[in-house]
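Comments concern the structure below.
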Amino acid sequence: MNKQIIHFSVAITTTLAFISCQSDVKKENAPVLSAGFDIENMDKTIKPAEDFYQFVNGNWLKNNPIPESESRWGSFNELHEKNTVKLRSILEEAASEKNAPAGSNKQKIGDFYSMAMDSVKLNKDGAAPLKEELEIIEKIKTKDDVIKEIAHLHSIGISALFIGYVGQDPKISTLYIPQLYQGGIGLPDRDYYTNTDKRTLDIQKAYMEHLENMFKLLGDKEGAAKKNAKTVFNIEANLAKASMTNVELRDPEKQYNKKTYQELAAITPNINWMTYLTAVGVKEITDVIVCQPAFFTEVYHSFDKVPVQDWKTYLRWTLVDQTSDKLSDDFVNEDFKFNGTIIEGTPTLKSRWKRALKATDESLGDALGQVFVEKHFSEESKKRVAQMVENLITAYKERINTRDWMSAETKKQAFAKLDKVMKKFGYPDKWKDYSTLDIKKDSYIQNCMRANNYAFREMINKLGKPVDRTEWGMTAPTINAYYNPSMNEIVFPAGIMQPVFFNPDADDAVNYGCMGAIIGHELTHGFDDQGAQFDADGNLKNWWTEEDLAKFKEKTAMLIKQFNEYEAIDGMHVKGELTLGENIADLGGLTIAYYALKKSMEGKPAPEKIDGFTVEQRFFMSWAQGWRGNMRPEYLKNMLQTNPHSPGNFRGNGPLTNMPEFYEAFGVKEGDKMYRPKEQRAEIW
């Protein structure tokens, strides 16, 4: 379920998910070089050649049950907890500041957080903060009014019916263009409407009850609530059936359907797009990208079939669905019961301060991030990570040179792409200017809507202007990283450039096995099955010879087959096609990091063993330890169905079974469970 509008960019990959390294707690009198790796987390009763992930993480997995308020728990979560303590201190200081200058960032983050924390006011207000928006919906009389209201909802962060946004033209990366993208459903994925297995049917039944309960909280009587729930589900089910699958959505060429305004009007003749575009502030456009034409054909047919009154019901639902987590406790609890407990299996709602902190970061990320960087970010870490990036790029070029399946011409284009990769570390060169954003002590949800409108206007105003290559897609405190193919950039926020992800006290094996693999992972996204379709300038354009591209697809098909064979839970398997990009990035990133580590050791004395393990062994152990984590069954099942990342245990083990360097480090031989026959091993980058 989407709680805020998605500004989708084709094939942008936020890739780390739950990755992290290990605890940075040092044992008394231990050598400095052992920092960053705790052997007590290992289960040495398991042979590394049998199940390397369990060998490295077994004791940690046993000793770290999932907290009641979490759907999963891993070392990523441990670091996240440490980060939230730092951010909470910043926000509580701002909230208690009585003399913060009006309009200052401190006033804005302080007042936003204060309103999010004011449970007394929120519970007293109930649904009242939505009154004005609900009255606007109630006054709708025509289909044209429906379009106007959808445009208005989009402008305040409510993604009703479809998603409209401004982004780079995938084939002309120097230009911004309006784009239309499928959406409009309340369940996590289209397959929740189309599948007929028992789990899906049970979730559909629970969703119908959830819809009814939400309508009751809005004041509907039981009979009306049941009728309205059925109306909403039917509209969403038709939209879902016409939507592309999550595998189809991974093909950027399938999403690239540029239409003139006249062509768009022709395929949806009963929708007044000029009404929509004018309402959102887009003027004088000639072209628009319709990412999923079949979906918008269904929108057209729905507009013919669905009465205005039913659209009003659907819009009421969409509004409350995407704001309920910021209303009174009865709304919050009902939202959590379905989305938190039924979908993800989480028993207990997170503390209010954690929810308020998350919302502040989402709405005022640069204002919060600027203070976070000043207080907690090490410029030394930034310099060292930047150096690791250069080492990884050098290693990447050397590996590409050794690819006997690539022609000289394709290699030349690959080198050009690596040379043009834009690198962003820590925080933006230019922070957002929130001077036009008004944050008040009137209403939590109104502050959210004003912040969403600020972001929406910022996006719309990009039209006709040069592409802003300084823009960031994550806030500075975020513990993650990403590659953006349209920008050909890798981005590492400050949140990830600290222990435990990057530990300046740890030996190179640990840092290359973790941060080095992260860097390699992001670089490899430029050469995975999606990123490889974009050239050095970020354009969706084939730069491969026909023969090389065919060989590349043969190699990636081996990874699809490998991961399809992994059964995760109750007969549910990893989806090899859905997770292909991440699996390519894991294998490529780990491989490149290994060779960058070996290169960094050239001309130096051979490192001594630490805790009885060689540098090569510690490298692979650092990698596997990064994926340790426990997941609730419901969360895992939803992940398998919707998430482009494989579960952590398969990410920890899967790439290793393809790497002869791992076999050598741990003496893996035929007959061992970690052994994969040579002809079945994927070697790409």
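The values are calculated or read from the model by the stated rules, or taken from the named source; none is laboratory data. Not measured: the values here are computed from a predicted model. Glycine gets a Cβ as well: all are built from the backbone with ideal geometry, and neighbour counts include every protein chain shown.
Find the residue count for the stretch 643-672, including only residues that are over 14 Å from residue 591 (Cβ atoms) and more than 32 Å from the chain's Cα centre (by Cα).
Residues in the stretch 643-672 being over 14 Å from residue 591 (Cβ atoms) and more than 32 Å from the chain's Cα centre (by Cα): 7 in total.
Kindly provide the set of residues from the stretch 611-635 that are surrounded by fewer than 24 Cβ atoms within 10 Å (Cβ to Cβ) and touching a Ser or Thr at 6+ places or on another chain (Cβ under 9 Å), ordered by number.
Selection gives 611, 632, 634, 635.
Is it fair to say residue 241 is over 20 Å from residue 344 (Cα atoms), under 25 Å from the mean Cα position of the chain (by Cα) and either surrounded by fewer than 17 Cβ atoms within 10 Å (Cβ to Cβ) or basic (Lys, Arg) (or both)?
When the stated conditions are applied, residue 241 passes them.
One residue is enough: does the stretch 214-226 have a residue meeting the conditions out of contact with any helix residue (DSSP H, G or I) (no Cβ under 8 Å at 6 or more places or on another chain) and in contact (Cβ under 8 Å) with a residue 40 or more places away in the chain?
Yes, there is a match, as at least one residue in the stretch 214-226 is out of contact with any helix residue (DSSP H, G or I) (no Cβ under 8 Å at 6 or more places or on another chain) and in contact (Cβ under 8 Å) with a residue 40 or more places away in the chain.
Only one of (1) surrounded by 16 or more Cβ atoms within 10 Å (Cβ to Cβ); (2) in a helix (DSSP H, G or I); (3) among the acidic types (Asp, Glu) fails for residue 220. Which number is that?
So the condition that residue 220 fails would be (2).
Which of the residues spanning the stretch 244-264 are surrounded by fewer than 15 Cβ atoms within 10 Å (Cβ to Cβ), touching a helix residue (DSSP H, G or I) at 6+ places or on another chain (Cβ under 7 Å) and not acidic (Asp, Glu)?
254, the sole residue that qualifies.
Considering every residue within the stretch 428-448, establish whether at least one is crowded, with 23+ Cβ neighbours inside 10 Å, of a type outside the set (Gly, Ala, Ser) and either within 20 Å of residue 596 (Cβ to Cβ) or within 23 Å of the chain's Cα centre (by Cα) (or both).
There is at least one residue in the stretch 428-448 that is crowded, with 23+ Cβ neighbours inside 10 Å, of a type outside the set (Gly, Ala, Ser) and either within 20 Å of residue 596 (Cβ to Cβ) or within 23 Å of the chain's Cα centre (by Cα) (or both).
Would you confirm, using the coordinates I've provided, whether residue 309 is farther than 30 Å from residue 531 by Cβ and modelled with pLDDT under 95?
No.
Search the stretch 264-281 for residues that are within 17 Å of residue 161 (Cα to Cα) and assigned by TED's automatic domain parsing to the domain that holds residue 298 and pair each with any residue that is among the β-branched types (Val, Ile, Thr) and modelled with pLDDT of 90 or more when their beta-carbon atoms are under 6 Å apart and the residues are at least 6 apart or on different chains.
Sorted first by the residue in the stretch 264-281, then by its partner, the pairs are 264/288; 272/147; 275/147; 276/147.
Only one of 624, 606 is in a helix (DSSP H, G or I) and either touching a residue at least 12 places away in the same chain (Cβ under 8 Å) or not aromatic (Phe, Trp, Tyr) (or both). Can you tell me which?
Only one candidate qualifies: 624.
I'm trying to understand the selection: among the residues of the stretch 79-93, which are free of Cβ contacts under 8 Å to residues at least 60 places away in the same chain, surrounded by 13 or more Cβ atoms within 10 Å (Cβ to Cβ) and not charged (D, E, K, R)?
Within the stretch 79-93, 89 is the sole residue that qualifies.
Report, by residue number, each residue of the stretch 390-414 that is outside any helix (DSSP H, G or I) and of a type outside the set (A, V, I, L, M, F, W, C).
Selection gives 402, 403, 404, 407.
A quick yes/no check of all residues on (1) in contact (Cβ under 8 Å) with a residue 60 or more places away in the chain; (2) assigned to a helix (DSSP H, G or I); (3) within 26 Å of residue 330 (Cα to Cα):
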{"residue": "129", "(1), (2), (3)": "yes, yes, yes"}
{"residue": "141", "(1), (2), (3)": "yes, no, no"}
{"residue": "150", "(1), (2), (3)": "yes, yes, no"}
{"residue": "153", "(1), (2), (3)": "yes, yes, yes"}
